[in-house]
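So the structure is just underneath, and the comments pick up after that.
The values are calculated or read from the model by the stated rules, or taken from the named source; none is laboratory data. Here the structure is a predicted model, which means the values were calculated and not measured. Backbone-built Cβ (ideal geometry, glycine too); neighbour counts: all protein chains shown. Surface accessibility is based on the protein's heavy atoms, side chains included, excluding ligands, DNA and RNA. Shrake-Rupley method; radii C 1.70, N 1.55, O 1.52, S 1.80 Å.
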Amino acid sequence: MHRLLLPFLLVLLVLPAQAQDTDEPPSVETLNYNALAWRGIGPAFTSGRIADIAIHPDDNDTWFVTVGSGGVWKTENSGTTWQSLFDGQGSYSTGAIALDPQNPNTVWVGSGEDVGGRHVGYGDGIYRSTDGGRSWENKGLKDSQHLSTIWVHPTDSDVVLVAAQGPLWSKGGERGIYRTTDGGETWTRTLGDDEWTGATDLVADPRDPNVLYAATWQRHRNVAAYMGGGPGSGLHKSTDGGQTWTKLSRGLPSSNMGKIGLAVSPQNPDRIYAAIELDGRTGGVFMSDNRGASWRKMSDTVAGGTGPHYYQELYASPHYEGRIYLMDVRIQQSNDHGANFERERSQYKHSDNHALAFRPDDPDYLLAGTDGGLYESFDNGE
């Protein structure tokens, strides 16, 4: 109500001053209302759930952000102003985003949120823009509903792999790891099944794009219950660019796994990290020092809150060996390969974290995507 009264109060204040210069008070039609133009003094409202972030490789001020219930957004001034890129497309819900390493103006977006909550929005496939997000083309996988990760080959832009979780409320659809070699004209599933097992993460060895690691996730939600894991969940490795896969098992849990987050150490790509949900809410962080051949449990750490199905993304610092971040209600950080974790200091930051991005020139910079928008830190979250 105060905002509604403000223009009228300002008009009353202006009238006497202008009336001194004329014999009669000015009419409403002749008043100058330029001083009453709307301007942003916010944020007055938090934005929705941030699903993924991509920082332009050649411009730290240019970010692309996917929102679970609000499309794709772009800023070219480090978040001072934003442009909505996805209006008019077939889905309002977006999950994953990736920029082509060969041409960052080519942007891939996976529609549908990549979490397993009751409230998630579903999508209608994968989209590609070749002009920095000004226009879009749907490139298929329309029955995947929830796309969690997109990986573009570092030297061949026609080769793209996608981790598709598939429908949450029913079996079937398009779920698993899908691969294209013609820029999205056709897709082939190389991992997953026709019923319940999709894929929730995909990472690559930075030295060799033929070496890939994937996490599958068997899940199903209905009105009465949620089945967050099963025998279809697990870790897999490919040495031929994602055409075939071998299941990894040595040192990994034998009980039913749920959602799994993966990360490769940038400093030592032989080292792979996995945050594994077990039997609903338990689990742990595991590490392999030999490209997935064997694993050892580092700690019992698992994302909590409403459950690991809502978080569990894992990131390895590009600057510090052994530093990893686990997305959770509060971000959990380890500096010793997952043996010990501390929760972020977030007195002035929103909770429920889903995405994290880094800058190559600043080892203490973090850009976090939460249920309440984007937050940045220049001192590693202090």
Among T81, T370, T301, whose mean-square fluctuation peaks in a Gaussian network model of the chain (Cα, cutoff 10 Å)?
T81
Rounded to the nearest 5, what % of DSSP beta bridges with both residues in the range 187-245 are antiparallel?
100 percent
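Take every Cα pair under 8 Å in the chain that's 6+ residues apart, average their separations, divide by the length, and report that relative contact order as a whole percent.
In percent, rounded to a whole number, it is 9.
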Give me, ordered by chain and number, the residues 5 or more places off G192 or on other chains with an amide H under 5 Å from its own placed amide H.
I177
Counting Lys +1, Arg +1, Asp -1, Glu -1, what net charge surrounds M227 among other residues with beta carbon under 14 Å of its beta carbon?
+3
I need the peptides 28-34, 199-205, 265-271 ranked by packing, meaning the mean over residues of other C-beta atoms within 10 angstrom, with the highest value on top.
199-205, 265-271, 28-34
Would you tally the net charge around D362, using a Cβ to Cβ cut-off of less than 12 Å, leaving D362 out, and scoring K and R as +1, D and E as -1?
-3
Total charge of the residues flanking F341 in space, meaning their Cβ is under 15 Å from its Cβ, with Lys and Arg +1 and Asp and Glu -1, is -1
Packing-wise, with mean Cβ within 10 Å as the measure, how do 175-186, 138-149, 354-365 rank, highest first?
138-149, 175-186, 354-365
Looking at [x] 22.3; [y] 18.9; [z] 27.9, which value of mean projected area of the Cα convex hull in nm² comes from a calculation on the structure shown?
[x]
Quick check: from the Cα gyration tensor, does the range 75-163 come out rounded (a/c under 1.5), prolate or oblate?
oblate
Work from the charge dipole of the chain (Cβ charges, +1 for Lys and Arg, -1 for Asp and Glu, about the Cα centre) and give the residue of I41, N105, G280 farthest towards its positive end.
G280
Report, to the nearest 10°, how far helix 2-19 tilts away from the longest principal axis of the Cα atoms in the chain, using its own Cα long axis and a range of 0 to 90°.
30 degrees
Over the range 148-292, what portion of Cα pair distances is larger than 24 Å, expressed as a whole percent?
28 percent
Those residues of the range 62-100 whose amide nitrogen sits under 16 Å from the label point placed on R359, 7 Å along Cα→Cβ:
62-64, 75-81
No solvent, one uniform scatterer per C-alpha: report log10 I(q)/I(0) for the range 143-214 via the Debye equation at q = 0.15 1/Å, two decimals.
-0.46
What are the ³J(HN,Hα) couplings of the range 236-243, residue after residue, when phi is run through the Karplus curve with 6.51, -1.76, 1.60 and θ = phi - 60°? Round to Hz, x for glycine and proline.
9, 10, 10, 10, 10, x, x, 7
Amide H contacts of E313 (H built 1.01 Å from N, under 5 Å, at least 5 apart or other chain):
M327
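How many Å² of accessible area per residue for the chain, probe 1.4 Å?
Using a 1.4 Å probe on heavy atoms only, each residue of the chain averages 47 Å².
Within the range 254-382, what whole-number % of the accessible surface is contributed by carbon and sulfur, with the 1.4 Å probe and all protein chains included in the calculation?
Carbon-and-sulfur percentage of accessible area, whole number: 45.
Using r as the Cβ-Cβ distance of N268 and K171, and R0 as 41 Å, what FRET efficiency do you calculate, to the nearest 0.05? Present the calculation step by step, with values, prior to reporting the outcome.
Details: r = 40 Å, r/R0 = 0.96.
FRET efficiency, N268 to K171: 0.55.
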Once you have a ≥ b ≥ c as the square roots of the Cα gyration tensor eigenvalues for the range 302-382, tell me rounded if a/c is under 1.5, and otherwise prolate or oblate according to whether a/b is larger than b/c.
oblate
Please work out how much length the chain gains when fully extended from D240 to S254, using 0.36 nm per residue of separation minus the C-alpha to C-alpha distance, in nm with one decimal.
2.4 nm
Which value, to two decimals, describes the C-alpha radius of gyration of the range 245-382 once divided by 2.2 N^0.38 Å?
1.02
Can you figure out the FRET efficiency of E382 with T75, using R₀ = 25 Å and their beta-carbon distance, to the nearest 0.05?
0.55
Rounded to whole Hz, the Karplus (6.51, -1.76, 1.60) HN-Hα couplings of the range 264-277, x for glycine and proline:
10, 5, x, 7, 9, x, 5, 9, 10, 10, 9, 9, 10, 7
Could you work out how far apart the two model spin labels at Q102 and S84 are, taking each label as a point 7 Å from the Cα in the direction of the beta carbon, and quote it in nm?
3.4 nm
For the pairs K142/K237; K237/K297; K259/K349; K237/K259; K297/K349, note any where the Cα-Cα span goes beyond 23 Å.
K142/K237; K259/K349; K297/K349
